Amino acid sequence: MWTCITSTLSVLATACGGGGGNAPTNPPLPPAPPTPPAAITLREVAANLDQPLLLTAPPGDTRQFIVERPGRVRIVDGGLLLSRPFLDITSLAGTAGEGGLLSIAFHPRYAQNGTFFLYYTDKLNNIAIDRAVVSADPNVADPQSVTRLLTIPHPTYTNHFGGMLAFGPDGYLYAGTGDGGGAGDQQGNAQNTSTLLGKLLRLDVDSTTSLIPAGNPYVGQAGRRGEIWALGLRNPWRFAFDNITGQLYVADVGQDAREEVNVVPATQAAANYGWNAMEGSACYQAGCVPQSYVLPRFEYEHGAGNANGCSITGGFVYRGTALPELAGRYLYSDYCRGFLKSFLYAGGVVSEQKDWGIAGIGNVVSFGQDAQGELYLLAQGGSVYRIVRAP
């Protein structure tokens, strides 16, 4: 076969027989077929769960740990849902309103120390952050090891508990708390640095002397809580770190009009996300000064009759290997609409907004991420689905 590698038309004519002679010619190759657009679907990995709210896993582990709101943590191992819970704190957790066991986070060195952390509401309606360890059986936690690290009073209302725990790239434990409930943050908690409600907290769970890292922005300031890392949040149900780019994504549930996703460097301390002066990028209170706050990088309006949604369900940036076409995309949903959407955030710009056409799973209450970076959807009906490529 003849191969012509050249850079000028004159050479091409001579080398390929364009100037006459008996040089053989090859028929033109047919055009390559168009690449089909990426398509994803859902594969059920567990069903008939009791109000699943989060899926996570220890670093390097092949199992999936699923949080059930009444106070249990279940394990899926090799595709099978184990009958015995990893942990059962139903005797400790209160489930009034939006309460219950809301999330867990495994220590980055879980394989060595067996330590994990719980975020739940107790029987007195307080937000509780507890520490626990695994037993000699790797599939069962030691129930006697559950000890309280931090109690956050949450009087009056039974909504807006926040509920996410996650370790940041700095090795500290972060917790997102709601504003205390009700409508409009009537108690002014989100902007009040003397309370831990409506905040993102940063905790040093490895210190033997203080839960508060020395680098937190309000350490040592009179009348301000040292645990606070950021403020001005309404109900940050889910947030996530992207350790590749060093960004923090905080999805904050709106009041009546807007849902938002804030994206900031994970190292940015004292960020004020604006609630309750702002709802998204709009003034919630008359006379607000938008430039005083960190404004969302992405938001959407509810629309007439909540046509676009009513309560954002924040997810994760995809960093798995099974779906490379999703790499770097932030996936999210909405409790009222049950869709699966994504966007790419890079260079301060949101692009590639996409609706993946997922339907029929009902209310999406949360996302999950396993130790391999693969993502999951959790539905109110009790099923957990892995996000996979469509056949």
Check your understanding: Arranged by the count of other C-beta atoms within 10 angstrom, fewest first, what order do 107, 160 take?
Key -> 107, 160
Practice item. Treating cross-link reach as a plain straight distance, find the aspartates and glutamates whose alpha-carbon is under 13 Å from the alpha-carbon of residue 199, omitting any fewer than eight places away in the same chain. Key: 179, 185, 227, 252
**Study point:** Cα convex hull of segment 43-155 - mean projected area over all directions, nm²
**Key:** 7.3
Practice item. Evaluate the distance, in nm, between pseudo-label points positioned 7 Å from the Cα of residue 81 and of residue 139 along their respective Cα→Cβ axes. Key: 1.5
Exercise for review: With both partners inside segment 133-274, how many of the DSSP beta bridges are antiparallel, as a percent to the nearest 5?
Suggested key: 90
Revision key, fill the gap. One computes Rg over Rh for segment 241-391 from alpha-carbon atoms, with the Kirkwood Rh, and obtains 0.97
Review point. For segment 270-313, what mean projected area does the convex hull of the alpha carbons give, in nm²?
Key: 3.8
Check your understanding: Over segment 80-132, what number does the Rg to Rh ratio reach, with both radii from the alpha-carbon atoms and Rh per Kirkwood?
Key -> 1.03
**Study point:** Antiparallel content of DSSP bridges confined to the chain, in %, to 5
**Key:** 95
Revision key, fill the gap. Rounded to one decimal in nm, the spacing of the 7 Å Cα→Cβ label points at residue 112 and residue 327 is 3.0
Check your understanding: What is the Cα coordinate range of the chain on the first, second and third principal axes, sorted by size from largest, in whole angstrom?
Key -> 94, 57, 45
Check your understanding: In 5 Å bins starting at 0, how do the alpha-carbon pair distances of segment 123-211 split up by percent?
Key -> 3, 12, 20, 21, 18, 13, 7, 4, 1, 0
Study note, to complete from the structure: Listing 135, 333 by rising number of other beta-carbon atoms within 10 angstrom, fewest first, gives 135, 333
Review point. If you average over every viewing direction, what projected area does the convex hull of the Cα atoms of segment 129-181 give, in nm²?
Key: 5.1
Revision key, fill the gap. Segment 241-302: relative contact order from alpha carbon pairs under 8 Å, six or more residues apart, as a whole percent, is 33
**Study point:** Integer Hz, Karplus 6.51/-1.76/1.60 couplings in order for segment 81-94, x for Gly and Pro
**Key:** 7, 6, 6, 8, x, 5, 8, 9, 10, 4, 6, 9, 7, x
Point to revise | Gain upon complete extension [residue 257, residue 186; 0.36 nm per residue less C-alpha separation] | key: 23.8 nm
Point to revise | Length added when fully stretched, residue 209-residue 158, from 0.36 nm per residue minus Cα-Cα | key: 15.1 nm
Check your understanding: segment 185-231: percent of C-alpha pairs farther apart than 13 Å?
Key -> 51
Revision key, fill the gap. Filtering trypsin sites (Lys or Arg not before Pro) in segment 75-160 by DSSP loop and by at most 15 other Cβ atoms within 10 Å leaves 109, 123
Exercise for review: Please give the FRET efficiency for residue 219 paired with residue 304, using the beta carbon to beta carbon distance and R0 = 45 Å, rounded to the nearest 0.05.
Suggested key: 0.45
**Study point:** Calculated over segment 214-302: convex hull of Cα atoms, volume per residue (Å³)
**Key:** 109
Exercise for review: For residue 269 and residue 390, calculate 0.36 nm times their separation in residues minus their Cα-Cα distance, and state this gained length in nm to one decimal.
Suggested key: 39.5 nm
Check your understanding: Which order do 289, 364 fall in if you start with the one that has the fewest other Cβ atoms within 10 Å?
Key -> 289, 364
Review point. Which of the lysines could a cross-linker span from residue 354 if the Cα-Cα distance has to be under 17 Å and same-chain partners fewer than 8 positions apart are dropped?
Key: 341
Point to revise | Debye-sum result for segment 161-217 in log10 I(q)/I(0), which assumes one identical scatterer on each alpha carbon, at q = 0.22 Å⁻¹ | key: -0.87
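Bear in mind these aren't lab numbers, they're just calculated from the coordinates by the rules spelled out. Note that this is a predicted model, so its numbers are computed, not measured. Because the Cβ atoms are built from the backbone with ideal geometry, glycine has one as well, and the counts that use them run over all protein chains shown.
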